[in-house]
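Right, one structure below, let's go through it.
The values are calculated or read from the model by the stated rules, or taken from the named source; none is laboratory data. It should be emphasised that the depicted structure is a prediction, and the values quoted were computed from it without experimental measurement. Cβ placement follows ideal geometry from the backbone for every residue including glycine, while neighbour counts extend to all protein chains displayed. Accessible surface is based on the protein model in full, side chains and every heavy atom, while ligands, DNA and RNA are left aside. Shrake-Rupley method; radii C 1.70, N 1.55, O 1.52, S 1.80 Å.
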Amino acid sequence: MALTDTAIRKAKPRDKPYKVSDSGGLYLLVNPIGSKLWRVKYRLHGVERKLALGAYPAITLAEARAARDDAKKQLAHAVDPNTAKRQARIAASISAGNSFAAVAEELIAKREKEGVAPATLEKHRWLLRVSNRSPRYCRRFLGAGACCARAG
């Protein structure tokens, strides 16, 4: 039986999380604290997996069904929907330019406009170059407590 918006609104929290099923592997997970989360259950290479779509009411029933259909299309082309979602999120963060290097370059440019000494600016640029190298390199030249942009 297909899920309705009325049934979703009437779903109340219980002692344990429970599922309210729709069709095609789509279900609403109702948690004890009252959150209602959309999930899609699917199989890839014989392994059962779950895809998180978001929370109700931010994601409506129609949007959840559309996202389920998109996931099924990806599965038809042998693409894991979770992997595609992760890659899209990484690409969005890279294109946003909020990486450590981009923010550090903005800070250096700001400090340069403020009239900071050239030697200080060169030191900041050197630290940025060092932080983009391997953690082993950082520990070797900056000491054991040095922090790097990449964990390792």
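Observations on the structure shown:
- The single residue among V130, V103 that is assigned to a helix (DSSP H, G or I), surrounded by 10 or more Cβ atoms within 10 Å (Cβ to Cβ), at pLDDT below 85 and touching a helix residue (DSSP H, G or I) at 6+ places or on another chain (Cβ under 8 Å) turns out to be V130.
- When R49 is tested against (1) in contact (Cβ under 8 Å) with a residue 40 or more places away in the chain; (2) open to solvent by 40 Å² or more (accessible area, probe 1.4 Å); (3) in contact with a helix residue (DSSP H, G or I) (Cβ under 8 Å, 6 or more places away or on another chain), exactly one condition is not met: (1).
- Residue check for R111: touching a Leu at 6+ places or on another chain (Cβ under 7 Å), under 20 Å from T6 (Cα atoms) and either not in a strand (DSSP E or B) or not aliphatic (A, V, I, L, M) (or both): no
- In this structure, A64 does satisfy being farther than 30 Å from R125 by Cβ, part of a helix (DSSP H, G or I) and open to solvent by less than 60 Å² (accessible area, probe 1.4 Å).
- Within segment 31-55, tally of residues that are within 21 Å of K10 (Cα to Cα) and outside any loop (DSSP other than H, G, I, E, B): 8
- Total residues in segment 67-83, condition open to solvent by less than 70 Å² (accessible area, probe 1.4 Å), among the hydrophobic types (A, V, I, L, M, F, W, C) and part of a helix (DSSP H, G or I): 3
- Test for Y42: is it crowded, with 19+ Cβ neighbours inside 10 Å, free of Cβ contacts under 8 Å to residues at least 60 places away in the same chain and over 17 Å from A2 (Cβ atoms): yes
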